[in-house]
Amino acid sequence: MPVTSHARRPQIFEVSTLYGAATLAAALDAGQFGPAAAARRILVVSLNATVPETATHLSEMSGWDAVAARFDRVVDWNETIRPLHPSHWTPREQDRPLWQRMLRDAWGLADGPMDLVVESVHVNPAAALAGIFADADVHVYADGLMSYGPTRERLPAATAPRIQRLLHLDLVPGLRPLLLSEYDVPAETVPTHAFRAVLDELTDAAADDPGLPADRAHAPGAVILGQYLAALGILTAEEEEELHARMVRAAAAAGHQTVLFKAHPTAPARYSRALEKAAADCGVRLLTPTTALLAECLFDRYRPRLVVGCFSTALLTASAFYDVPVARVGTRELLDRIVPYQNSNRVPLTLVDATVPDLEERGAGPEMSVAEAEALVRAVGYCMQPRLYPHLRGEAHAWLAEHWGPETQHYFKRRRLTSLELPGSLVPATERFPGGRTALHVARRVKRATHRARTERTKKR
């Protein structure tokens, strides 16, 4: 007997990138959310760009229809809450039941138990949806390298106990995610074969891009991955363009005569003369896609000899899923630039810097194995969020005691190490005040009190 729509368990999937949507599609195909006949699946699409009107909508990207077909309904979250911005808006607590009632009615969702599948559960729009659907079981999926880093902030007491699992791609085979581990949330890998199958669908859909060669005989030797750093305030627009130009020059110096530049999907459209000039000065042919597509479609279609980026997730996708050589440019400078220290981009940067060779220093290969990189990430993760991961202090102290030096100090800030009283701090351990920070604070208060007393005595005289 077929399951009626009212008997099917509602499942809401929130997504903001095509890469994330492909990850969810792979999880569905692998049966990680049960049989389709037993669920009513709603895909909530959120465009989180600073100025959504200037960014490419997911529905305009090549291959979107094939991914969206796995869901019973697709909803535009930006339209639902317009004119509010998805990254900024969350309903007032007293209004959340009203929002749930309205959305259940509008989306045709039956009452009763349901699943909410979100990315970045600690920020909007995921946090807003978790608050609205306050009784839903929450599943978190990570579509990039941030899953290997710490949770950005402590989760609301009403949300944390509802998280069932963390779904993630095996981008660094063998590396365990740190995200949500402080809540004992189990990590579950989305099967690589399922993800590759979805990417194959997207590649087939992108076969007719007029800006790209029709066959592998004229394929680009190198693919350069654009970043989204100016919009995030990490670099200026001019600095970001220069970073891309450096990638072109480094690829040319490595012997590649045809280079394909793939802009970040959420980056605002900008005509870049700097990139064209760098290519012309190097005598390199520069290609750019005319349709919005995933970089992975290019890896599968052309099998380039090199993929270059700064800390894009697609770098490790190329390496782990397509066995394409990869190289980095600019990670060392960005590790120094991003603020605050707990910026979530720090772990992706750290991972790429530690495991991918630097193209501008040809011949310098990655120095860390997966096990070594995991130990580094856990030390960095503790320094980023010491209050969320106090149990990692011993590991961080041991790692720094053994490895701190010129080859590793760019992963840490010495002021941060000083405040945490860890090896590598600005104050040598032998010169620290006995008893640590608490005793030091007491000593400072005593000193201030003594100074005030002396001042009062001087006035009385």
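Couple of notes before you dig in:
- The charge dipole of the chain, taken about its Cα centre with unit charges on the Cβ atoms of Lys, Arg (+1), Asp and Glu (-1) only, comes to about 3060 debye.
- By the count of other C-beta atoms within 10 Å, a proxy for reagent exposure, MET384, MET247 are ordered fewest to most as MET384, MET247.
- Between VAL370 and ALA106, residue separation times 0.36 nm minus the direct Cα-Cα distance comes to 90.4 nm.
- Stokes-Einstein diffusion of the range 207-257 at 25 °C, 0.890 mPa s viscosity, Kirkwood radius from Cα pairs, rounded to a whole number: 191 µm²/s.
- Cβ-based net charge around ALA110, under 9 Å, with every Lys or Arg adding one and every Asp or Glu removing one: +3
- The convex hull around the C-alpha trace of the range 111-221, projected and averaged over every direction, spans 10.1 square nanometres.
- Approximate spin-label separation LEU232-THR189, in nm, with each point projected 7 Å along Cα-to-Cβ: 2.6 nm
- Here the gap between ASP137 and ARG305, fully extended at 0.36 nm per residue and compared with their Cα-Cα distance, gives a gain of 56.1 nm.
- Remark: TYR19, TYR341, TYR382, TYR228 ranked as TYR341, TYR228, TYR19, TYR382, counting other beta-carbon atoms within 10 Å and listing the fewest first.
- Pairwise Cα inverse-distance average, inverted: Kirkwood Rh of the chain (Å): 24.2 Å
- Residue (of PRO191, TYR141, THR331) at the positive-pole extreme of the chain, dipole from beta-carbon charges: THR331
- Net charge of neighbours whose Cβ lies under 15 Å from the Cβ of PRO156, counting Lys and Arg as +1 and Asp and Glu as -1: +1
- Candidate membrane-span-like segments in the chain, meaning DSSP H helices with Cα atoms spread over at least 18 Å of their own axis and a Kyte-Doolittle mean of -1.0 or above, are 192-205, 237-253, 370-384, with no membrane implied.
- Binned Cα-Cα distances of the range 9-198, short to long, each 5 Å bin given as a whole percent: 1, 8, 17, 21, 22, 18, 11, 3, 0
- Relative to its Kirkwood radius, the Cα radius of gyration of the range 212-366 gives an Rg/Rh of 0.93.
- Once the chain from ALA69 to GLN94 is taken as fully extended at 0.36 nm per residue, the excess over their C-alpha distance is 5.5 nm.
- When PHE13, PHE261 are sorted by how many other C-beta atoms sit within 10 angstrom of their C-beta, beginning with the fewest, the order is PHE261, PHE13.
Where a number appears in this text, it was derived from the coordinates with a stated rule and is not lab data. Nothing here was measured: the structure is a model prediction, and the numbers come from that model. Reconstructed Cβ throughout: ideal geometry from the backbone, glycine too, with neighbour counts over all protein chains shown.
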